[in-house]
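Some notes on the structure that comes next.
The values are calculated or read from the model by the stated rules, or taken from the named source; none is laboratory data. What you see is a predicted model, and the numbers here were worked out from it, not measured in a lab. Neighbour counts are summed over all protein chains in view; Cβ atoms, including those assigned to glycine, are modelled from backbone coordinates with ideal geometry. Areas reflect the complete protein model, heavy atoms only, side chains present, ligands, DNA and RNA absent. Shrake-Rupley method; radii C 1.70, N 1.55, O 1.52, S 1.80 Å.
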Amino acid sequence: MAVWVSVQTLAEGIITEWAQRYVEKQVRYDKQRVLQPILREIVLARQLASSPLIIEWLRNPDDIVLEYRALMELERYRGAFKDSNYFLGILANGRYYYNNAENEYGNDQLRYILQPDRPADSWFYDAAAQNKNLLINVNPDPHLGVIKLWVDVLLRDADGQVLGVAGTGLSLSNFLNDFVDSGEEGITSLFVNHEGAIQLYRDQSLIDFASLSKTVDEQKRLNLMLGSADLTRLQASMAEVRDAPEKVSSGFVTLEGTRYLAGVAYLPEIDWYEVTLMDLNQLLPLSRFNSILLIFALSLLFTVLLFHIVLGRVVLAPLQALDAAIRRLRKGEYHGESLGVNASGEVGRLVAEFEQMTTEVHEARTNLEQKVRERTDALNRISQTDPLTGLFNRRGMDERLLDELKRCTREKRWMGVIWIDLDLFKEINDVYGHGVGDDALKLVAKVLRSVVREYDAAARWGGDEFLLMIRDADNDMLQHICERLLRVIRAQALPIEGGNSLCMTFSIGAYLAQRDDLEEVLRQADAALYAAKAAGRNGYKIYDETLPLMNAPDTEYTSKTCL
């Protein structure tokens, strides 16, 4: 009898030790299984909250053009989210936008106006007031008639001011079925916040919906399920794992008259606690071993040890690799490459899903960054181009001139600046109309393109004034270009009404420079142009910095090509 009691006690001790190790692995497994889909949505929601298009709109929420662009951006993210839905609430005007997987609101994403004094909308203003960048909230939306696990991310401007709340929602029932309820008899998982309010549990009647907007006394807490002593032990375990998030704490509690082994882990990514309850009587009842306990005591010990080794290799190692990859993902160091672990079954599927998820997130982020670069380049081109002639405008030419002057100073090279004025352009507009005047400017642009090399630059400086930048120039080259410009423009015929044509001429001022002073270079070129106009138009003057004269303009060359 004593031997039997001893063996039975030994068996109970072995089962308890095994269960403690098993509950730790189960907790880590459930932790990764729940975190994986939520983290994916968090990454995408944070990218959405940092979108320049959406931030620009929230600064000017009444601009319909910005609203249209931002809604198109939201629709692109809708396809990326797991449940294909998004929401966005604007703090400035209370507008709440939403669209679901069925695209039910594709033509009118504005669903309703949030009200600070309406209890159903208090979650929005509480989220903004708490000033936390990320909140995970289980909440029914009475306006839309849905209950979801919401991923809420604050949108801020450059000064850190909260502009609104955006994110996505996961179907609560699907999430509970797929990730929270393990489906194994005797194992129950639930997730609670710091106050012990139940956030996720297979019995939805115990879930504390909208706990974000409730006081501590209003929340359904663990004390509805546990006695005071068990609740105190569980709270101590929660405090322990909060200080060491990589740790799992375990202990026994009694729930509805049944003794469970409780494993507790902290999920810092979403600021929740996971509590896994294991009923040892269902998982491994001692009564099954009554008839063969003594015979298989040693075999059981060997089996437990072997199981521990195998479980560590097959389950724990892949989960540890997953945990390390998630940490790298949070730091931006993981891009979906293979984890290099051998795993099968549910763990293998979890690893594969994680790798695929991170690859998709990386590709989506890369595509978004590429689109932002392309749009930025297009805006830069538009801001530096004259829309009528297609040449550089003044802003674009300023940047080219400054860069080239720095290069000339650095490399001891010379640069030519040619200032061109279309003679009698005002008379062309007054006599023949602005349409002919525009055609004349386009013809001038065509002439300038035929003269400059691919590494030179041409710009419409303003009105009928144009500017050429000639790299690695000298006096002979500037004189040759000026004379060619006068010849080519004179040879052009601009059609006008009545079947007639109009010939045009230039006044040109040029300056050969090396100094790193754009204002002075432009002043000298303008002075040369003024001198050419004073000499009677249809000609050019060149001021040359290479042979400076004391207290006088630079060496001057003059030529006319009046036909």
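A dipole drawn for segment 401-555 from +1 and -1 charges on Cβ atoms has a positive end, and of TYR540, ALA459, LEU486 the residue lying farthest that way is LEU486.
A Förster radius of 25 Å, combined with the Cβ-Cβ distance separating ASP62 from GLN370, puts the computed FRET efficiency at roughly 0.25.
Would you mind calculating the gained length between ASP403 and GLN130 on full extension (0.36 nm times residue separation, minus the Cα-Cα distance), in nm to one decimal? If you can, show how the numbers build up before the last one.
Working: separation 273, 0.36 × 273 = 98.28 nm, distance 4.87 nm.
That works out to 93.4 nm of additional length.
Surface listing: LEU200, LEU301 arranged by accessible area from highest to lowest gives LEU301, LEU200, probe 1.4 Å.
Taking Cβ atoms as reference points and 14 Å as the exclusive limit, the residues near LEU441 contribute a net charge of -2, counting Lys and Arg as +1 and Asp and Glu as -1.
Legend: residues SER51, SER250, sorted from most to least accessible area (1.4 Å probe; ligands, DNA and RNA excluded), read SER250, SER51.
Could you sort ASP403, ASP159 by their accessible area in this structure, using a 1.4 Å probe and putting the largest first? Working shown, then result.
Numbers: ASP403 95, ASP159 145 Å².
Largest accessible area first, the list is ASP159, ASP403.
Among the protein heavy atoms, those of ASP474 account for about 70 Å² of accessible surface (1.4 Å probe, every chain in place). With the simple spin-label model, which puts each label point 7 Å out from Cα in the Cβ direction, the GLU497 to GLU346 separation comes to 8.6 nm. Ligands, DNA and RNA left out, the accessible area of segment 59-166 computed with a 1.4 Å probe is 47% carbon and sulfur.
Averaged over its residues, segment 427-538 has an accessible area of 46 Å² per residue, based on protein heavy atoms and a 1.4 Å probe. Distance from the C-alpha centroid of segment 227-280 to that of segment 463-479: 79 Å, rounded to the whole angstrom. Only protein heavy atoms count here; on that basis, with a 1.4 Å probe, PHE81 has an accessible area of about 0 Å².
Return the carbon/sulfur percentage of the accessible area of segment 417-475, one whole number, probe 1.4 Å, all protein chains in place.
Of all accessible area on segment 417-475, carbon and sulfur atoms account for 49 percent.
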